[in-house]
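Quick notes on the structure that follows.
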Amino acid sequence: MADGQEGNNTAIIIGGGPAGLTAAIALAGAGLPTLLVGKRPTKPDNRTTALLAGSVTALATLGVWDLCEAHAAPLRVMRIVDDTGRLWRAPEVKFSAEEIGLDAFGSNIENRHLIAALDQRARALPALRMIDDEALAVESNSDAVTVTLRAGGVMRAALVIGADGRHSLCRKAAGIGTDERQYKQVALTVCVGHSRPHHGISTEFHTASGPFTLVPLPGLRSSLVWVLDPAEAERIAALDDRELSFEIERRSHSILGKIAVEAGRGMFPLSAATARRFAENRIALVGEAAHVIPPIGAQGLNLGLRDAAAIGEFAVTAHREHGDIGAASVLAAYDKLRRSDVAGRALVVDAVNRSLLSDFLPVQAARGLGLYLIDRIGPLRRAVMQEGVAPAGQPRLMRGEAL
Ligand SMILES: Cc1cc2nc3c(=O)[nH]c(=O)nc-3n(C[C@H](O)[C@H](O)[C@H](O)COP(=O)(O)OP(=O)(O)OC[C@H]3O[C@@H](n4cnc5c(N)ncnc54)[C@H](O)[C@@H]3O)c2cc1C
């Protein structure tokens, strides 16, 4: 690796997860010279991602969705079932994409397929160089950022995009703190086969320990995200395949018939974190480097992809106008746009989760009333669905406009 030879208007992205790869494709696809430094993940990611319609549109616009489509299942209906067994139970609520004129709210895909598709597309872009290495140090000053690699060598760029996950080195280098919260909950993930078809319906059972959500995959398969208290999660995770399959069938009230769990279980302690600023000192944060959100309501990576699309849009515009892609004005515009979107959604996810865990009767009643009103009032229902799928002020890629 030659030292410091990168140009003044080059961007370096650190982290080759889905948010980093998407940012790299957005920038390089529009001709902006880009380097992506990514260290290989140490263990396989067996999770799936429910991508909302805006994310699917952005991936299609970037030439990635064609490579994903065969592995993805459309999400046509979302069902919320109160399974808390409490005195104040919310009514069952069913949202259908048809009601807002869509074929589907989005699509669910296994992360391994999503990442393989992003990786394939990224490697085809002439303006993008992929470096399979770890960034050891990131330092910024008023006119550039330098990145030191583990394999040796120092690179210099006008803008660094920190897509390096929840323990982000870039965030620390930018001097940005976080507001954090730990939950006494663990998400257990596993993919399952089942004997009855899902008909494109995702079902979220709200239980007193958190949601138990089955999301369609192609064919007679679904993914499960099961939020439990830590001791119960340990017990469930220790079950053998036959016992776990039976337990999942029981908890899902057999809506998908007979269940057979597949290999590859995951356990994720729930936490939340939001960076106090999303960009500073020529470093912009995307994905979990900027925000960690509990896996409730499929928000995390959808927000991460909106970050990637937004920084892509701002940086490419500056590049085309022969401006400085890491200028304070570019970073301030990015911070303003993305922080408000993320803060609003993080608040809602936290409130829904806490209302499930709360034994306080008025809180349970308020949750029930909220869902009742959404269920009964047509315009409110449609507004909630529209806001979930295609919120106002989305970046251009989410609207199908190329950069
Ligand atoms: C159980 C569960 C279910 C979920 N389901 C959904 C869902 O349905 N829909 C949804 O939208 N979101 C979902 N999410 C959230 C989603 O998984 C995350 O938002 C997403 O994985 C974050 O991607 P990322 O690229 O920001 O970070 P990561 O995937 O963590 O990628 C960061 C990358 O950076 C690399 N890296 C770190 N440090 C360095 C360094 N110094 N140098 C080089 N590389 C580095 C890492 O190796 C890694 O590859 C879920 C989360 C959980 C826990």
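Every number in this text was worked out from the coordinates using simple rules, so none of it is lab data. Only a predicted model underlies this, so the values are computations on that prediction, with no experimental measurement involved. Glycine gets a Cβ as well: all are built from the backbone with ideal geometry, and neighbour counts include every protein chain shown.
For the range 12-80, what ratio Rg/Rh do Cα atoms give with a Kirkwood hydrodynamic radius?
Rounded to two decimals, Rg/Rh equals 1.02.
Return the single residue from 312, 152, 193 with maximal mean-square fluctuation; model: Gaussian network over the chain, springs between Cα atoms under 10 Å. Judging by the Gaussian network model, the answer is 152. When the Gaussian network model of the chain links Cα atoms closer than 10 Å, the mean-square fluctuations of 223, 340, 96 top out at 340.
Which aspartates and glutamates, on any chain, are close to residue 258 with Cα under 14 Å apart, when same-chain ones fewer than 8 places away are left out? Here the aspartates and glutamates satisfying the reach criterion relative to residue 258 are 241, 243, 247, 249. Per-residue ellipticity at 222 nm, computed for the chain from helices alone with -39500 (n - 2.57) per DSSP H run of at least four residues, works out to -11000 deg cm²/dmol. A crude spin-label estimate for the pair residue 112 and residue 70, with each label 7 Å from Cα along the Cβ direction, gives 1.6 nm. Applied to the range 276-288, the Karplus parametrisation 6.51 cos²θ - 1.76 cosθ + 1.60 on θ = phi - 60° returns per-residue 3J(HN,Hα) values of 5, 9, 9, 7, 6, 6, 6, 10, 10, 9, 10, x, 5 Hz, with x for Gly and Pro. The alpha-carbon of residue 184 sits under 16 angstrom from the alpha-carbons of these aspartates and glutamates, leaving out residues fewer than 8 places away in its chain: 229, 232, 234, 350, 359. In straight-distance terms, cross-link reach from residue 172 covers every one of the aspartates and glutamates whose alpha-carbon lies under 12 Å from its own, apart from those fewer than eight places away in the same chain; here that gives 139, 164, 280. Note on residue 392 and residue 40: the extension gain reaches 123.2 nm, defined as 0.36 nm multiplied by sequence separation minus the Cα-Cα distance.
Projecting the Cα atoms of 275, 252, 52 onto the charge dipole of the chain (Cβ charges, centred on the Cα centre) puts 252 farthest toward the positive pole. A crude spin-label estimate for the pair residue 254 and residue 348, with each label 7 Å from Cα along the Cβ direction, gives 3.6 nm. Springs between alpha-carbon pairs under 10 angstrom, Gaussian network model over the chain: which of 79, 250, 171 fluctuates most? Largest GNM mean-square fluctuation: 250. Amide H contacts for residue 276 (H built 1.01 Å from N in the peptide plane; partners 5 or more residues away or on another chain; cut-off under 5 Å): 177, 178, 179. Magnitude of the charge dipole for the chain, about its Cα centre and with charges confined to Cβ atoms of Lys, Arg (+1) and Asp, Glu (-1), is about 440 debye.
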